[in-house]
Each structure stands twice: as C-alpha cells, then as structure tokens.
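Q: I have a structure I would like to understand better, so I am pasting it below and will then ask my questions one at a time.
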Amino acid sequence: MADKYCVFGNPIGHSKSPIIQAAFARQTGQDIEYRAILAPSDGFADAVDAFIAEGGKGANVTLPFKQEAYQLATRLTQRAEQAGAVNTLVFNDNEVVGDNTDGVGLLRDITITLNYPIRDKRILLLGAGGAARGVLGPLLGEHPESLVIANRTEVRARSLAAHFAPIGPVSGCGYGELAGRAFDIVINATSASLSGSMPALPNGIFAPGSLAYKMMYGLGDTPFRIFAREQGAGMISEGLGMLLEQAAESFFVWRGVRPDCAPVVELLQKKA
Ligand code: ATR
C-alpha cells in the first residue's frame, strides 16, 4: 500500500503541492499518495491526529498553520527552530518531527537555479512576518555584505533584525528609509500581492543587474513585478522555483531521495 502524505492549509484549493509531489513520486519511482486536506481554522491539531490515525507518514503545512505546527511538533530541527515555523512534519512511531524547508528552497533557487551567488551581496528583505523570518537564517548563512529588513510596521522590522543580529549583518527599517539606497537582491516576503498591492517603495532601490524575487508564488503581472521591471531589475522571479525546491526538500526529508525540479516547472506552467 502507498505511504500517505498530505498538505494541511486553509484555504487549500489553490495548492499546487499535490501535483508537484505526484510528479516527484513518478520521477523517482516512490510509491506515495499525497492529497490536500482543508483543516478548520480551529481544528488543525485534530486534523493532524486524524491523519496520523489513518497511517499518515508526513505532511506539509501551509497558511495559516505554520506556527501551530511549530507548537505541535514534539521535536524540531534546527532550521525549524530558527525559522519559528514548521512547513514539514514527519510522523514517526513516538514523535512528530517539525522541519522547515522554505529557507533552503529559496537558497537553492537563487544560488543554483538562477545561479545568483548571495555572498557579499546587499540584500533587501521586504516584510517582517512569518515568511520573512523563515528565510532570514539561511540568507545570513550565505554571508551577504548586508541584509536590510524593511516593513510597513517599522517596529516589527527592527525587532526581527535584533533577533537575528547575532548571526549576521542585519538591520531593520521602514520603507521611507530606503530612499537613496540600492540593493543587489530584493526579496518580497510580504503578503501584499494577495490583495493586489505592494509595499510603498522609493525609486532607485534596484542596483544594476539586481535580482527581484517574489516569495509568494503567482504567475502574472503583480504590482511588485511591474515596479521591478520599470525600475530596471536585471532578473525577476515570481517564486515558482522556491515553491518547487521547498517541496523537493520535503520529499527528500520523507523519502531520502532528491527529485529534479526542472521537469516539473514545465508541467506546472502548462497547468497554469
Ligand atoms: P506571513 O506569515 O505570510 O509573513 P504576516 O505575519 O501576516 O504573514 O506578515 C505579512 C507581511 O506582509 C507583513 O510584513 C506585513 O506588513 P505589516 O507587518 O506592516 O503588517 C506585510 N504586508 C501585508 N500587506 C501589505 C501591504 N498592503 N503593504 C505592505 N506590506 C504588507
């Protein structure tokens, strides 16, 4: 019988994870079954228990349950601990392991697929919520020259920067303070695109040849993408690579086999 996996979220109808994981399973010859489960907003723990009871081996966790999954895990990996959030669960006999593959997914996409080294680069991270926090440790681990967190609610940016300051050269500010500064990598970790908007960014933040990266995957012309193009960013990514790489890392955590993301890009673009 196939081993069972799933993704928990609310909403979950839009999730590409079942298509991606099924493609990985076909490619690697692994016998798994993977489905999307809509957990009630106040019923995440019960949904996890029910899935374990039916023999579930592991799960992905998406919005809004990543912090709850962090609380629910009986053991955390170091990268989940640092991110303060869990997107991957492993159900062993006597424990629930919480892991986080978002940061490594972003890094692999930027440094390997896009071939854009992070070392000695000036990074601007937009947003100071869970998505931003999840990638800060891995980004600082690549030794950028500097990393500025900018957020609409400035105090959140400053306190997140203070939390990560022992790891690397990070500071926090509001969007207005970015005027007159340029960056090599600008990562949008805000949820602004979900409401069709973008942070209030000043002109001139994209250095020549810079990379504009949107973490919340969505094809098409979002305001951030249009702004980045108009402002002369050298390369623009809408986050599909990160979505695939974090999924591949979860698959690797569960099955010990690393799938190749490249063939799945085409599959998703055909379905989009
Ligand atoms: P997540 O876990 O997805 O990061 P979150 O913790 O709610 O969710 O954080 C959302 C982020 O997007 C925050 O940085 C938020 O800015 P505030 O801290 O000021 O709320 C940012 N965000 C959401 N909508 C935005 C908008 N329209 N303009 C600018 N920033 C926005």
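The values are calculated or read from the model by the stated rules, or taken from the named source; none is laboratory data. Computed from a prediction, not measured in an experiment: that's the story for all the values here. For neighbour counting, all protein chains shown are included, and Cβ atoms are generated from backbone atoms with ideal geometry for every residue, glycine included.
Q: Could you look through the range 221-272, keep only residues that are aromatic (Phe, Trp, Tyr) and under 20 Å from the mean Cα position of the chain (by Cα), and pick out the one that is surrounded by the fewest Cβ atoms within 10 Å (Cβ to Cβ)? Show your work before the answer.
A: We begin by selecting, within the range 221-272, every residue aromatic (Phe, Trp, Tyr); these are 224, 227, 251-252, 254.
After this cut, where a residue has to be under 20 Å from the mean Cα position of the chain (by Cα) as well, the list is 224, 251-252, 254.
On the way: 224: 24, 251: 27, 252: 17, 254: 23.
This residue is 252.
Q: Of all residues in the range 185-205, how many are part of a helix (DSSP H, G or I) and more than 17 Å from residue 240 (Cα to Cα)?
A: Adding up the residues that qualify gives 2.
Q: Additional query: Quick one: count up the residues across the range 105-136 that are assigned to a helix (DSSP H, G or I) and buried (at least 20 other Cβ atoms within 10 Å of the Cβ).
A: 11
Q: So, one more: Do any helices (runs of 4 or more DSSP H) lying entirely in the range 40-90 carry at least 2 residues that are within 16 Å of the ligand (Cβ to nearest atom), and which ones are they? Reasoning before the result, please.
A: Values: elements: 44-53, 66-72, 78-83.
Passing ranges, in order: 66-72, 78-83.
Q: Condition first: at pLDDT 95 or above and under 18 Å from the mean Cα position of the chain (by Cα). Now tell me which residues in the range 116-131 satisfy that.
A: The first filter runs over the range 116-131 and keeps only residues at pLDDT 95 or above, leaving 116-128.
Result: 116, 118, 123, 124, 125, 126, 127, 128.
Q: Tell me yes or no: at least one residue of the range 216-231 is touching a Phe, Trp or Tyr at 6+ places or on another chain (Cβ under 6 Å) and part of a helix (DSSP H, G or I).
A: Residues of the range 216-231 touching a Phe, Trp or Tyr at 6+ places or on another chain (Cβ under 6 Å): 231.
Restricting the remaining residues to those that are part of a helix (DSSP H, G or I) gives none.
Taking every residue of the range 216-231 in turn, none turns out to be touching a Phe, Trp or Tyr at 6+ places or on another chain (Cβ under 6 Å) and part of a helix (DSSP H, G or I).
Q: Within the range 147-170, restricting attention to residues that are among the polar types (S, T, N, Q) and surrounded by fewer than 16 Cβ atoms within 10 Å (Cβ to Cβ), which residue is nearest to the ligand (Cβ to nearest atom)?
A: Filtering the range 147-170 down to residues among the polar types (S, T, N, Q) leaves 151, 153, 159.
When the remaining residues are screened for being surrounded by fewer than 16 Cβ atoms within 10 Å (Cβ to Cβ), the result is 153, 159.
Working: 153: 3, 159: 11 Å.
Filtering first and then ranking leaves 153.
Q: Taking residue 194 as the residue in question, decide whether it is within 12 Å of the ligand (Cβ to nearest atom), over 21 Å from residue 207 (Cβ atoms) and either in contact with a strand residue (DSSP E or B) (Cβ under 9 Å, 6 or more places away or on another chain) or of a type outside the set (Gly, Ala, Ser) (or both).
A: Values: within 12 Å of the ligand (Cβ to nearest atom): yes; over 21 Å from residue 207 (Cβ atoms): yes; either in contact with a strand residue (DSSP E or B) (Cβ under 9 Å, 6 or more places away or on another chain) or of a type outside the set (Gly, Ala, Ser) (or both): yes.
Answer is yes for this residue.
Q: Does the range 197-239 hold any residues that are free of Cβ contacts under 8 Å to residues at least 12 places away in the same chain and within 12 Å of the ligand (Cβ to nearest atom), and which are they?
A: Within the range 197-239, no residue meets the criteria.
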